[in-house]
Amino acid sequence: MNAALTARPAPVPPSAAPARPAVVTRVSELIGHTPLLELCRTRDGSRLLLKLEMFNPMGTAKIRMARQMVLDAEARGELRPGGRIVESTSGNTGLGLAVMAAERGYAFTAVVDHHACADKLRAMRALGTELVYVTDDGTDELATAAREELAESLARGRDNTVFTEQHNNPGNGVGYTAVAHELHDALDGRVDVLVAAVGTGGALCGTARELRRLVPDVRTVGVEPKGSIAFGGPAHDYHQSGTGTPEGAGIGALVDFSLIDEGVKVGDVEAFATCRAVARTGLLIGGSAGGVVHEALRRLPSLPPGSTMVALVNDGGEKYLDTVFDDGWMAARDLLDPVVEREVGDLLGTLRGH
């Protein structure tokens, strides 16, 4: 672990993001102000809204925290012109850091494994990223702990080189402060339940910390894959990428259990069936977002009348056309379950009124 990151106090959270100008000069200026989509509502007026973070550059929420981590490193004087960023990533954080490195003139080394979606790896490479595989045996197992160790070793002792260490970097959580303000402003303060995936913890806990200041009664629900260990065992492999804490990896410092009212687990079959059912409404969402929406749909009918539930959809489904949305890939891993997919589709159809 990078002691310099954990020893420093968390940066002061920024205020609400200013309105975006009509013309920008950097890709990072397009971050934020993502739309809300009402996916469905109950007969008594409770509604499920999706915060569509795939409308950020590179189609991911994680570009918010990537920007913040880079800006913080610059402010501390640890990252200077011509410097290098190093990070362990399953894809989306790497995409965000690749954008920041490209537009600010840094080199970027991403330590990856074959669990990451191929499209994410190709996109990072297209942006000029150096990809270093922690294993090259062709397996698609998640290797978070090994990636972290290698990334730290690659940065250690190198001048003008920063291991951003997303799992323990305070800037990760701070990067999502604007999400709370966007929700508060768009909904006039009416947010009853916030549901989000828990991986590094930055998205849910970073949003929740500020949202609780603005909306003290908001309830938060964290979602991780079955097999992840943040909310207890048993541990086993899972296919949802960019989320959860696999066996052997430490729970990141950004996972603040005091900000999570309830932690739940959703299996790969249910998460991916939800992605495929939601696609029939015209919207493609990512694999871990499927787990979040599955849990939100399950809860919606039991909420008090007139409630507003917001689910953070942290990336889109276009990166998963070769996996979640490919019958062959799904069947080869025993993830294709037409019955579950139909059940989710029927529930969604009922809540949408058709």
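Only a single criterion out of (1) within 11 Å of the chain's Cα centre (by Cα); (2) open to solvent by 10 Å² or more (accessible area, probe 1.4 Å); (3) farther than 30 Å from Asp192 by Cβ is not satisfied by Glu78, namely (1). Evaluate the stretch 312-322: report whether one residue or more is among the hydroxyl-bearing types (Ser, Thr, Tyr) and assigned to a loop (DSSP other than H, G, I, E, B). The answer is no, given that none of the residues of the stretch 312-322 is among the hydroxyl-bearing types (Ser, Thr, Tyr) and assigned to a loop (DSSP other than H, G, I, E, B).
Against the list (1) open to solvent by 10 Å² or more (accessible area, probe 1.4 Å); (2) at pLDDT below 95, the condition Glu210 fails is (2). Whether a residue is hydrophobic (A, V, I, L, M, F, W, C) and not in a helix (DSSP H, G or I) was assessed, and Leu336 passes this test.
What residue, of Ala151, Ala143, is more than 15 Å from Thr164 (Cβ to Cβ) and open to solvent by less than 60 Å² (accessible area, probe 1.4 Å)? Can you show your working first?
Details: Ala151 fails: more than 15 Å from Thr164 (Cβ to Cβ).
From the options Ala151, Ala143, the qualifying one is Ala143.
With the structure loaded, tell me whether Thr93 is within 19 Å of Asn168 (Cα to Cα) and surrounded by 24 or more Cβ atoms within 10 Å (Cβ to Cβ) or whether it fails that test. I'd like the intermediate steps shown before the answer.
Details: within 19 Å of Asn168 (Cα to Cα): yes; surrounded by 24 or more Cβ atoms within 10 Å (Cβ to Cβ): yes.
Answer is yes for this residue.
Answer with yes or no whether Val215 is hydrophobic (A, V, I, L, M, F, W, C), modelled with pLDDT of 95 or more and buried (at least 20 other Cβ atoms within 10 Å of the Cβ). The answer is no for Val215. Residues of the stretch 231-240 that are open to solvent by 10 Å² or more (accessible area, probe 1.4 Å) and within 21 Å of Ala61 (Cα to Cα): His239 alone. Cβ-Cβ distances below 8 Å connect the following pairs, each with a first residue in the stretch 280-294 that is within 16 Å of Glu262 (Cβ to Cβ), a second residue that is modelled with pLDDT under 95 and among the hydroxyl-bearing types (Ser, Thr, Tyr), and a separation of six or more residues or different chains: Gly291/Thr243. Among the conditions (1) in contact (Cβ under 8 Å) with a residue 24 or more places away in the chain; (2) surrounded by 16 or more Cβ atoms within 10 Å (Cβ to Cβ); (3) not hydroxyl-bearing (Ser, Thr, Tyr), the only one that Leu131 does not satisfy is (1). Within the stretch 59-67, does at least one residue satisfy the condition of being open to solvent by 50 Å² or more (accessible area, probe 1.4 Å) and assigned to a helix (DSSP H, G or I)? There is at least one residue in the stretch 59-67 that is open to solvent by 50 Å² or more (accessible area, probe 1.4 Å) and assigned to a helix (DSSP H, G or I).
The values are calculated or read from the model by the stated rules, or taken from the named source; none is laboratory data. This structure is a prediction, so every number in the text was calculated from the model and none was measured. Positions of Cβ are generated from backbone atoms using ideal geometry, with glycine treated the same way; all protein chains shown enter the neighbour counts. Please note that ligands, DNA and RNA were not included when accessible areas were found on the heavy atoms of the full protein model with its side chains. Shrake-Rupley method; radii C 1.70, N 1.55, O 1.52, S 1.80 Å.
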